[in-house]
Structures are given as C-alpha cells and as structure tokens.
Amino acid sequence: MPSQAPVIEETRNPDTPYYRLGGAPVFEAICNRFYDLMDEDPQYAELRAMHAEDLGPMREALPRFLAGWAGGPRDWFEAVPGRCMMSVHKPFAINRAVADQWADAMTRAVSDVAPEPADMAKAMGEVLGNLARGMGR
Ligand code: HEM
C-alpha cells in the first residue's frame, strides 16, 4: 500500500474573535498601543512601574497570549506547559487601582486600533477589562 501524506488539520477557524478582528497584525497593534499608553500616559504610572524597564518582551508576549486566548495560534501556551494567568501574575500584588489602569488602557487600545467589527471590538474590550478588574484586590 502506498504511504499516505499526513493529514494536516485545518486549525484556522475564521469564526473566532482572533480571526474576526484581523489576526496577528491586529493583536500586535493592540498590544503596542496598550504598552505605548502605559508608557506615556501618567494615569498609568503605577501600572507602568510594576513592569520591567524594557517593555519589548511584553510587546512580544501579550499578543501571543491573547492570540491563544481568542481562538488563534496557541504557541504561548504550548511553549511552557502549565503556564497560565495565575502563575505569571503570582509575583505581583495587584490592587484595584492598577487593575483598573490595565482595564482602562486595554479598552482604549482596542477601540483605538481595532474598532471593527464594532460588536467584536466592544466585546473584546469589555471582556479583557473585566478579566483585569477581577484580578485586583
Ligand atoms: C490586572 C492588572 C494587571 C497587572 C498589574 C499586570 C502586571 C503584569 C506584570 C508586572 C507582568 C510582568 C511584566 C514584566 O516583567 O515586565 C505581567 C505579565 C503578563 N501579563 Fe499581566 N497584568 C495585569 C493583567 C493582565 C491581563 C488581564 C492579562 C491578559 C489578558 C495579562 C497578561 C500577561 C501575560 C501574558 C504576561 C506574561 C508574559 C510572559 O511572560 O510571557 N496581564 N503582567
């Protein structure tokens, strides 16, 4: 019997927030806008101070995290098995004020950079905002 080529599973599901919002370039643009706001707007100073001086690694990591979270490629999750939101934030004391700063900057970044489709952009900003606020105590 002739050997068969392996079946390559189609994993690009267009009906996910990741692909509906525009995939990698849009997620990178959202995160770059998010870290620009964090870096430049004094209302996010407390949040900025918790991060490393070089935001370059986070500009790489956050869009990859959000990609997997929103139904796209899962390489951030696969790179370190078991890594999750709880484990990466364990070292940080996240209070209400910084959680609100994260939520506010992300909602702004999404509406600045990815306003279409409007229902998806609104949902994405709201869900991420709620996720961040849920981490504050
Ligand atoms: C609630 C307020 C939040 C605060 C104060 C916060 C703070 C931080 C800090 C200080 C780091 C380490 C960054 C560095 O070393 O420069 C980090 C890492 C990270 N944060 Fe947050 N974060 C918050 C919410 C979120 C949310 C809601 C998400 C995702 C939806 C998120 C995703 C990530 C990821 C993926 C990393 C790790 C990246 C990596 O190591 O690959 N964070 N966060």
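The values are calculated or read from the model by the stated rules, or taken from the named source; none is laboratory data. Please read these numbers as outputs of a predicted model, since none were measured by experiment. Positions of Cβ are backbone-derived with ideal geometry, glycine not excepted, and every protein chain shown enters the neighbour counts. Quick note on the areas: whole protein, heavy atoms, side chains included, nothing else; ligands and nucleic acids left out. Shrake-Rupley method; radii C 1.70, N 1.55, O 1.52, S 1.80 Å.
Here are the numbers for the structure shown:
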| read-out | value |
| --- | --- |
| Gained length - E78 relative to D41, 0.36 nm times residue gap less alpha-carbon distance | 10.0 nm |
| For segment 56-99 versus segment 102-124, the gap between their alpha-carbon centres in whole angstrom | 18 Å |
| The chain: angle of helix 24-40 to the longest principal axis, Cα-based, in degrees nearest 10 | 10 degrees |
| Crossing angle, helix 56-69 versus the chain [Cα axis fit, 0-90 degrees, rounded to tens] | 60 degrees |
| Surface share of carbon and sulfur [accessible, 1.4 angstrom probe, percent] for segment 18-67 | 51 percent |
| Net lengthening on full extension, R137/R12 (0.36 nm per residue, minus Cα-Cα) | 41.3 nm |
| The chain: angle of helix 96-113 to the longest principal axis, Cα-based, in degrees nearest 10 | 60 degrees |
| Excluding exposed DSSP-loop GluC sites (Glu not before Pro) (at most 13 other C-beta within 10 Å), longest clean stretch of the chain | 54-137 |
| Radius 12 Å from Cβ of L37, net charge of other residues (Lys, Arg +1; Asp, Glu -1) | -3 |
| Segment 21-135: relative contact order in percent, alpha carbon pairs under 8 Å with at least 6 residues between | 33 percent |
| Heavy-atom surface of the chain, accessible at 1.4 Å and reported per residue (Å²) | 62 Å² |
| Two-site FRET efficiency, V127 against A49, from Cβ-Cβ distance with R₀ of 25 Å, rounded to 0.05 | 0.45 |
| Environment charge at M85 (Cβ cut-off 14 Å; Lys +1, Arg +1, Asp -1, Glu -1) | +4 |
